[in-house]
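Take a look at the structure below.
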Amino acid sequence: MKFYSTSGKHETDLVGAIHNGLAPDGCLYIPEFLPKFNPNDIGGTSVAEIANQILYPFFKNSSLEVDLEDICHESLNFPIINNELKHSNNISLLELYHGPTAAFKDVGARFLASTMDRYLARKTYGSEVTTILVATSGDTGGAVAAAFYNRKNIRAMIFFPKEQVSPRQKHQLTCWDKNIKSFEVDGTFDDCQFLVKSAFNDKNLNKKHTLSAANSINIGRLLPQAAYHAAASIWNWRNYEKPSNFIIPTGNLGNALGCIWAKHMGMPIERIILAVNANQSIPDYLSTGNWLPRQSINTLASAMDVGNPSNMERLRFLIPSFQDLSNTIESFSVNDEMIKSEIKKVYLNNDIIICPHTATAFSTYEHLADNNDDGCPFIIDATAHAAKFNNIIEPIIGREVDIPSSLRDLLKRKTNYNSLSKKLDDLVKQLEKWD
Ligand SMILES: *Cc1c(COP(=O)(O)O)cnc(C)c1O
């Protein structure tokens, strides 16, 4: 399969799209087409088995075609569970947080690392070290660090916004050494994202260094995110013979785009509902037809504090007509008060502790006027483990949140990081200092 930039100006193959992250014209890569499947033809049960089938057309005729099966099994090796809620009307929680850093970002980061490791080992890109630049709103950076730590031929610089990540997220972002360095940027997540974009668009810098991106702009992260949405919809399809409705806590639109791609690939998916926090560019767009990205504002669901979701570019390319887009997705905004009361309510009613991001999706479910009209099962993406946000959750529910063992191991490690302004010059200095 070929991959194009959304401007149509650049064409490359899968390895090129993954390695470049962003096309040379500053646009995002999209696949030539989305392959179509009949869900009844998909075999196997695990996410790895299903991923191997539905991602095959994207890998076909690339140097990675022979590796796909190994990549799926190596990277998607932790449980992804569709947990049906007791005493509820066909709602389940898709637990995407059982990976090493306890957020769904582990899926994409591990798949990407596994993929890059394989083509870099073949020296297609020369022998120099590739530097991955990662802007993070809190969870991506930790997931990428964990996935790339100790890998050969590759190193990562992680940029996180000052005072906008939870204490445990910060620990996960900064507990690394060797081929991983973390930088606390004096700015917001959008500033971090802009910084990284500026580095990619700087011709001189790119002549001197092999740079790559591991943000949700990288297509290598989107593909496995399509795969677990496909898998969850197939599990429900086999159980209920009905398509599923998904509610997805949304920030940069990477996770939700995976679901939208899965639907376009023929998976049994009905409604796709994007839950956002007080950063409401997406629901405002759907209600007005005007796309007005803006500065992000800080909320309790900080990994979704995005005012200018980058994957909107891919979504609008896939569905250019506003009418069609508003028929494909719905979106609702949930403020901090609603997040807090939802965390409490779900704890009291269902005996489940959810993170603030997942709470936006639960709250959205409750506010849907027609939440059981079509009898289709609802799947709520649970994007992070509550223990990452214990500082927010424990005062609300009045008890400690148990820490998963992988997170406990990371919290034992020593931390270190550098401070950075949001100027490109400073990033360049740090990059050259590391050489
Ligand atoms: C990143 C993140 C989101 C938002 O996902 P996008 O792909 O950026 O839309 C939601 N919840 C958590 C816990 C996250 O880390």
(request) Go through (1) modelled with pLDDT of 95 or more; (2) within 16 Å of the ligand (Cβ to nearest atom); (3) open to solvent by less than 40 Å² (accessible area, probe 1.4 Å); (4) touching a helix residue (DSSP H, G or I) at 6+ places or on another chain (Cβ under 9 Å) and name the single condition residue 110 misses. (result) (3)
(request) Report, by residue number, each residue of the stretch 44-69 that is in a helix (DSSP H, G or I), of a type outside the set (Phe, Trp, Tyr) and either open to solvent by less than 40 Å² (accessible area, probe 1.4 Å) or under 17 Å from residue 225 (Cα atoms) (or both). (result) 47, 48, 49, 50, 51, 52, 53, 54, 57, 67, 68, 69
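Within the stretch 57-91, how many residues turn out to be of a type in the set (Phe, Trp, Tyr) and more than 19 Å from residue 116 (Cβ to Cβ)? Before the answer, list the steps.
Filtering the stretch 57-91 for residues of a type in the set (Phe, Trp, Tyr) gives 58-59, 78.
Next cut, more than 19 Å from residue 116 (Cβ to Cβ) only: 78.
Here the count works out to 1.
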(request) Give 64, 96, 68, 76 a once-over and let me know the one that is within 15 Å of the chain's Cα centre (by Cα) and either over 25 Å from residue 303 (Cβ atoms) or more than 16 Å from the ligand (Cβ to nearest atom) (or both). (result) 76
(message) When you check residue 399 against the structure, is it surrounded by fewer than 19 Cβ atoms within 10 Å (Cβ to Cβ), in contact (Cβ under 8 Å) with a residue 12 or more places away in the chain, charged (D, E, K, R) and not in a helix (DSSP H, G or I), yes or no?
(response) no
(request) Just need a number here: residues in the stretch 331-385 that are open to solvent by less than 60 Å² (accessible area, probe 1.4 Å), more than 16 Å from the ligand (Cβ to nearest atom), more than 21 Å from the chain's Cα centre (by Cα) and in contact (Cβ under 8 Å) with a residue 60 or more places away in the chain. (result) 6
(message) Can you report the number of residues in the stretch 1-43 which are in contact with a strand residue (DSSP E or B) (Cβ under 9 Å, 6 or more places away or on another chain) and buried (at least 21 other Cβ atoms within 10 Å of the Cβ)?
(response) 13
(request) Would you confirm whether any residue within the stretch 192-214 is aromatic (Phe, Trp, Tyr), in contact with a strand residue (DSSP E or B) (Cβ under 6 Å, 6 or more places away or on another chain) and not in a helix (DSSP H, G or I)? (result) no
(request) Note down all Cβ pairs under 6 Å where the first residue falls in the stretch 282-309 and is more than 22 Å from residue 197 (Cα to Cα) and within 12 Å of the ligand (Cβ to nearest atom), the second is open to solvent by 20 Å² or more (accessible area, probe 1.4 Å) and in a helix (DSSP H, G or I), and they're at least six residues apart or on different chains. (result) 299/336; 300/336; 300/392
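Residue under question is residue 199, and the condition is that it be of a type in the set (A, V, I, L, M, F, W, C), surrounded by 24 or more Cβ atoms within 10 Å (Cβ to Cβ) and in contact (Cβ under 8 Å) with a residue 24 or more places away in the chain; does it hold? Let's see the steps before the verdict.
Values: of a type in the set (A, V, I, L, M, F, W, C): yes; surrounded by 24 or more Cβ atoms within 10 Å (Cβ to Cβ): no; in contact (Cβ under 8 Å) with a residue 24 or more places away in the chain: yes.
Here the answer is no, as residue 199 does not meet what is asked.
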(request) Test residue 397 against the criterion of being in contact with a helix residue (DSSP H, G or I) (Cβ under 6 Å, 6 or more places away or on another chain) and away from the ligand (no atom under 16 Å from the Cβ), and give yes or no. (result) yes
(message) Going by what's in this entry, would residue 274 be described as crowded, with 21+ Cβ neighbours inside 10 Å, within 12 Å of the ligand (Cβ to nearest atom), modelled with pLDDT of 95 or more and closer than 23 Å to residue 159 by Cβ?
(response) no
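The values are calculated or read from the model by the stated rules, or taken from the named source; none is laboratory data. Because the structure is a prediction, the values reported are computed rather than measured. Cβ coordinates were reconstructed from backbone atoms using ideal geometry, including for glycine residues, and neighbour counts include every protein chain displayed. When the accessible area is computed, the model is the full protein with side chains, heavy atoms only, and any ligands, DNA or RNA have been set aside. Shrake-Rupley method; radii C 1.70, N 1.55, O 1.52, S 1.80 Å.
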